[in-house]
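As structure tokens, the structure follows; a few thoughts come after it.
Read-outs throughout are calculated quantities, based only on the coordinates presented, and are distinct from any laboratory measurement. All values derive from a computational prediction rather than experimental measurement. Cβ atoms come from the backbone with ideal geometry, glycine included; neighbour counts cover every protein chain shown.
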Amino acid sequence: MAIDKPEIIKLSCPVCKGQHDYAVKISKSTVFYQMTADMDTSTQFVKVRRVFTCPNEDKEFQATLKIPQHFGETINGVDVQK
Ligand SMILES: [Zn+2]
């Protein structure tokens, strides 16, 4: 089962030095594991690089997002909403 969850993230803009909100849709699926004693159940962070547009200057910049991937989840895709 896929869960599509739009999230609002704040980015520090390198173009105008301001902060902008962007809606990012994160596609996740749930993974079922058989639990073992030595399993790492901590939250991992998946780094993805995406292009964003500064609304003030109308210029594009790249930023790296750190998406939390909780135990039992797989990040399938990260889409920046235009
Ligand atoms: Zn900006």
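Here are the numbers:
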| quantity | calculated |
| --- | --- |
| Among (1) exposed (fewer than 11 other Cβ atoms within 10 Å of the Cβ); (2) at positive phi, the one test that GLU60 misses | (2) |
| Residue count, region 49-68 (criterion: in contact with a Ser or Thr (Cβ under 7 Å, 6 or more places away or on another chain) and more than 16 Å from the ligand (Cβ to nearest atom)) | 2 |
| Residues (over 12 Å from ILE75 (Cβ atoms) and either touching a residue at least 40 places away in the same chain (Cβ under 8 Å) or outside any strand (DSSP E or B) (or both)) located in region 42-63 | SER42, PHE52, CYS54, PRO55, ASN56, GLU57, ASP58, LYS59, PHE61, ALA63 |
| THR36 being of a type outside the set (Lys, Arg), farther than 16 Å from ILE75 by Cα, exposed (fewer than 10 other Cβ atoms within 10 Å of the Cβ) and more than 16 Å from the ligand (Cβ to nearest atom) | yes |
| Subset of region 1-33 (residues that are touching a residue at least 24 places away in the same chain (Cβ under 8 Å), within 16 Å of the ligand (Cβ to nearest atom) and part of a loop (DSSP other than H, G, I, E, B)) | CYS13, PRO14, VAL15, CYS16, GLY18 |
| Filter result for VAL24 (within 15 Å of PRO68 (Cα to Cα) and β-branched (Val, Ile, Thr)) | yes |
